[in-house]
Structures are given as structure tokens and as C-alpha cells.
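J.: What follows is a single structure, and I will ask about it in a moment.
The values are calculated or read from the model by the stated rules, or taken from the named source; none is laboratory data. A quick note: this is a predicted structure, and the numbers were derived from the prediction, not measured. With ideal geometry, Cβ positions are generated from the backbone for all residues, glycine too; neighbour counts draw on all protein chains shown.
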Amino acid sequence: MIATLTLISVALVFIGVPLAFAMGAASLTVFTIFLPHLPMEVVAQRIFAAADKYSLAAVPLFILAGELMNWGGLTTRLVDFSRAIVGWIRGGLGYVTVVTAVLLSGISGSGTADAAALGKILIPAMRKQGYDDAFAASLVASSVALGPIIPPSIVMVVYAAMTNISTGKLFLAGIIPGLVIAAFFMVLVMIFSIIRRYPRDRWGGFRFATKAFFDAIGAIVAPLIIIVGMVGGYFGATEAGAVICTYAAVLGFLYREMTWQKMFDACKDTVLSTGVILFAIAVAASISWIMAVGGLPQTIAQFLISMSDYRDSILLLVIGILLFLGLFLDGISLMVILVPVFVPVATALGLDQLHFAMVIILCITVGAIHPPVGMFVYVACQVSGVPVSTVTKSITIWWFVLAMILAVLVCTFVPELVVWLPYALLGK
Amino acid sequence: MARVVDRIANWVLTFCALLVAAMVVLIMADIVGRNLLQMSITSTGEVTQLLQVYTAFLGASVAVHRAMHFRIFNPEGLYPIRIRASLPVAVRVVITVVSLVFAYYGIKLAIAQMSQLSPTLQLPYGLFYVSLPLGCLLSAFFALFGGHVLRPDHPAQHGAGKPAGGTVV
């Protein structure tokens, strides 16, 4: 049953059928052949039930928040602020990229939206100052990987909906790992800047920095609004999406950069992304159910446990599988396929579900920056006009990939970095 | 024909965009009511879910028209020319058949659920379920008459062997 399911899915995927429809065809075929005693409505019911979860309303809301933030001029103000505070250091624009990405990640739930926003502004600015294209594009593509890690995060919402763990806790679990990765990137920027003698901006003085701070204060406090609102019980993780949408729209109007037409266009873009994600999750639910009926997760768990007695080595194996498959698959697809398989393994091993979730999310995010798939690289290059081959042929991007893998390993083997904050603020 | 299909896709997209906007307004009204006026809108969760399922399944259908669904391989350029020419047809057939089967069983499910009422709004559950067959019928329509199924709008996703879809991670 499982072999048929896999064979059909893979064959259809290889002729270019979208993943959701390939999985749908596979589940319908397997259901007809192997489970003829069950009514076919079960498949439709599983698909509908997977999309009909209140927590998934956060997906369109956070996508819309990212769109509104870009249309409303928040990104430009954050870049100006970061430039005022760290632009004067050697390789200043490199640090500016990382700091802006951290601030932006606290508002936007999507790394791709961040890549489009930052790539448009910072890559041309770096080119103008003499930074090489490969470094500029690699840095932007890597820094926006903080988007799915630092809350809010669409990937986390999807993961939480697939596994029924708390979205709020998962959001908080991403903060420290995100800051660890940002610190690793800053060290890399420092090393590159010293070796390649990248330029710096002139220090503009405290008055200039204060002005930039007050210009950007609306965007800077947005992540605090989310965290205080969630921890204080004013709104839940899903509702936080609506709060940020409203906040971004109001700020956009205050900055005189938002129009009703732009808002409506943002809603239209949101619909397309939402449809793609939720439909894939919904169809994957029918596959998960068939796999569970076929006992696949238990078989894989037993296989992994038989390979080693140590939880750490199994975790390393899981990380290896995710990083390897990340070479070929994009993040949400990887999650849709593997989360139903890996979560029972984690349960069988007695791993902390929150910690395991973050390990998976971190690995998936690494896949978004390294070639050949590296979606963030493609978006950063596309918006800035840097040829993708400049990045893929250069070794620079691999230094950032390496830094991220190192951060993944640190967060895997020091679980407190992940679980301390959510358990301290929201309880175990 | 292409212009008509495009227009239908735009209507669906506009309708769903309104649903998303309504979702934001409704949830904000509930948060404000709950925290400032000590007055909660009890049906918020239910209406949000109703709007969300319609956005998801109708949005997915427009994504078929624009070839935006997650695709692991873009086979253009990977196969000999003779095979390559037939790939879009095969993809259209698979999407159409899968969508129609989902739509058929979705309709049966929706009819079966019409007598069940939702807890707060007392709406027939079938109204929620109708979103699935409606979205799937539109997906089948767009797969048959819509744009190029292997060529996404997003330029970053063009090219042989590159991934398609997945623009929001």
C-alpha cells in the first residue's frame, strides 16, 4: 500500500504534476485498491477537516501582514534605522542586513516576502558601495531565513496545525534560535568585511540615530505588540495575525505610503499563497491518514530505533535526512511529506515535541537558502537583478549554509535554547 | 476563451480577497470587543473558519490557473522534445481527474451534512463543506481551459529542474 502510494506520487511529481494533486491522485488510487470497504467520502472528509482548523486562519493573516508591511513603507524605515545604528562599522551594510532581517522577521511571517523587500533595497545599496554580488545576494538570502524562525512564522503555524502543538509556544521557541543564527551571521559578516575590506558609512551622530529610531519606532515595536499580546492573554497566536495586519495598514496610512488599492492587491496576493499552502496541507492529511492505516510511521520509528540506541544519533539522522531532501524540495512540501512520518518517531523516542518541531523547522529553513532549490536565493536575485549563477557558483553562500547548520546543531544539542522561553512564559 | 477564463479567475480572486479582508475586520472586532468593551462576538471562530475554507479552496483553484501550486520538478527541458510536448496535457488530465473526483465526493459529503447545524450560527454544516467541491470544480475548469500548467507566473521559478510554487516559506 505504502509502496503504491510512493510510486504514484513520485511518478506524477516527475512529470510536473503539482505536489498536492500528485498526492491526491495517489491517495485516491490507494484508497480504491487497498481500502475498498471504506466509503470514498472519507478522503474528502479528511481533506476538508484538515483545512477547517481555526489555527490555520493565521496563514492568510500573516501572509497579508507581510504584504502590507512591504507596501506600507515599514521595511524602508527599518533599513534606515539599522543603517543609523550599525552602518558605521566596517562592512556596515552587512550588519544592517542582518539587523533589519531580525526586526522584519518580528513582523512578517514569510522569508520570501522579506527576501523580496530586503533584496530590492539592500543588494543594490551594497553593490553601489563595492560589495561583491555573490556576498550581497548570499547575505540577504541567508538573513531572511530568520523570517520563518523568529515569530510570527507561517511555517510554524502550518507545523502546529499539522501536529496539534501550541502555535504560541512554537512562536516563542523560535526567538532564541533566531537570535543565535543572527549572531553567527554577524560573525561571518565581520570576517568577510575584514578580509575583503568592505566599506563603512560615516557615523551620523546621536541626533541622526535618534531620528531614525523615532521614524521606525512603529515597525520596531510591532514584535513586542505580538509577544505582549499573546503572553498577556489579550489575543491568541491566530488573532495576532489580524492585529499585525491592522497595525501594518494603519502605519502604512500614517506614513502616507498605503492606499486602498494597494491593500486590496495585498489581499489578492494573500489569497493565492493561502490557497496553495492550505490545499497542500489538506491533501497531505489524507495521505497521512493512509500512512497511519498502513502503519508506516511506526515502521520507520522501529527502523530508526533499531539503527541506534541513542536519541542523539537518531536526531542527527533526522537532521541529515531533512538537510539532504532540502537540496531538492522546498520547505512546505518537505514538511507536508515528512512531518507525519517523523512526529510519531519523536513521540516513540520520548523527545520533547516543541524542541523536535524547532529542529525540523530550522532544517527546513536551511533548505530555503542553499542551492540548487534555495527559494530565498532565487527571490533575492530576481528582485535585485543579480544572476542566480553568481550565487550558486560562488562558495560564499556555503559559508552561510554552514553557519546555519552549526546553529541547527547547537539548538539540537542544547534544547534549553529552544524550550526555556516558551515553558517559562506559557508553562509546560 | 483565454480572456473569459482570466476574467473568471479574477472574479474568484476578488471575491476571496474580500473574504480575507472580512476575516481581519471580524477578528479585530472580536479582540477589541473582548478587551475593551468586555463583549465577545461568539460566532467569530465559526465565521472565520467559514471564510477560511472558502479562501483556501477557491484560492487553490486560481492557483491552478496561474500554475502556482508547489511543484517539485519543472520538467520543461528535462525530457526529449517529443515527451515534453505531451507533459502539459498529462498534467492537465491528472489535475482535472483528481479535482473532479474530490468534487464528486465533496458534493456527497456536503449534502449529507446539510442537516447538521453549526453550534453558534446554526448554519447547515453543508455550507462549509460546499467550499471543497466548489473549489475543486473550479480547479478542474482552470486545469482544462486555464493558463500554461507548467509555467508559473513567478519568474524566480522558471527553468528546468527548479522548484515551482512555495513562495511563502
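J.: For region B:64-99, what are the residues that are surrounded by fewer than 18 Cβ atoms within 10 Å (Cβ to Cβ) and in a helix (DSSP H, G or I)?
T.: Scanning region B:64-99 gives B:ILE81, B:ARG82, B:ILE83, B:ARG84, B:ALA85, B:SER86, B:VAL89, B:ALA90, B:VAL93, B:VAL97.
J.: Also, quick follow-up: Among A:ASP132, A:ASP114, which is modelled with pLDDT of 90 or more and charged (D, E, K, R)?
T.: A:ASP132
J.: Based on this model, can you work out whether B:SER61 counts as of a type in the set (Gly, Ala, Ser) and crowded, with 19+ Cβ neighbours inside 10 Å?
T.: In short, yes.
J.: Would a scan of region A:212-220 turn up a residue that is touching a residue at least 60 places away in the same chain (Cβ under 8 Å), out of contact with any helix residue (DSSP H, G or I) (no Cβ under 9 Å at 6 or more places or on another chain) and part of a helix (DSSP H, G or I)?
T.: Among the residues of region A:212-220, not one is touching a residue at least 60 places away in the same chain (Cβ under 8 Å), out of contact with any helix residue (DSSP H, G or I) (no Cβ under 9 Å at 6 or more places or on another chain) and part of a helix (DSSP H, G or I), which makes the answer no.
J.: On the given criteria, is A:VAL228 under 24 Å from the mean Cα position of the chain (by Cα), surrounded by fewer than 14 Cβ atoms within 10 Å (Cβ to Cβ), part of a helix (DSSP H, G or I) and not hydroxyl-bearing (Ser, Thr, Tyr)?
T.: Criteria met by A:VAL228.
Listed here are the residues, each with its yes/no results for (1) more than 10 Å from chain A (Cβ to nearest Cβ); (2) out of contact with any strand residue (DSSP E or B) (no Cβ under 9 Å at 6 or more places or on another chain).
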{"position": "B:ALA63", "(1), (2)": "no, yes"}
{"position": "B:PRO75", "(1), (2)": "no, yes"}
{"position": "B:PRO88", "(1), (2)": "no, yes"}
{"position": "B:THR96", "(1), (2)": "no, yes"}
{"position": "B:SER99", "(1), (2)": "no, yes"}
{"position": "B:ALA103", "(1), (2)": "no, yes"}
{"position": "B:ILE111", "(1), (2)": "yes, yes"}
{"position": "B:LEU117", "(1), (2)": "yes, no"}
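J.: Every residue in region A:133-155 that is assigned to a helix (DSSP H, G or I), away from chain B (no Cβ under 11 Å) and not β-branched (Val, Ile, Thr), please.
T.: Selection gives A:ASP133, A:ALA134, A:PHE135, A:ALA136, A:ALA137, A:SER138, A:LEU139, A:ALA141, A:SER142, A:SER143, A:LEU146.
J.: Conditions first: (1) over 27 Å from A:ILE281 (Cβ atoms); (2) in contact with a Phe, Trp or Tyr (Cβ under 9 Å, 6 or more places away or on another chain); (3) surrounded by 17 or more Cβ atoms within 10 Å (Cβ to Cβ). A:ILE361 passes all but one, so which condition is the exception?
T.: (1)
J.: For region A:11-20, state whether one or more residues are of a type in the set (Phe, Trp, Tyr), free of Cβ contacts under 8 Å to residues at least 60 places away in the same chain and more than 30 Å from A:LEU188 (Cα to Cα).
T.: Checked against the condition, which is being of a type in the set (Phe, Trp, Tyr), free of Cβ contacts under 8 Å to residues at least 60 places away in the same chain and more than 30 Å from A:LEU188 (Cα to Cα), region A:11-20 yields at least one hit.
J.: Looking at (1) within 20 Å of A:THR32 (Cα to Cα); (2) buried (at least 24 other Cβ atoms within 10 Å of the Cβ), can you tell me which one B:TYR129 breaks?
T.: Only one criterion is unmet by B:TYR129, namely (1).
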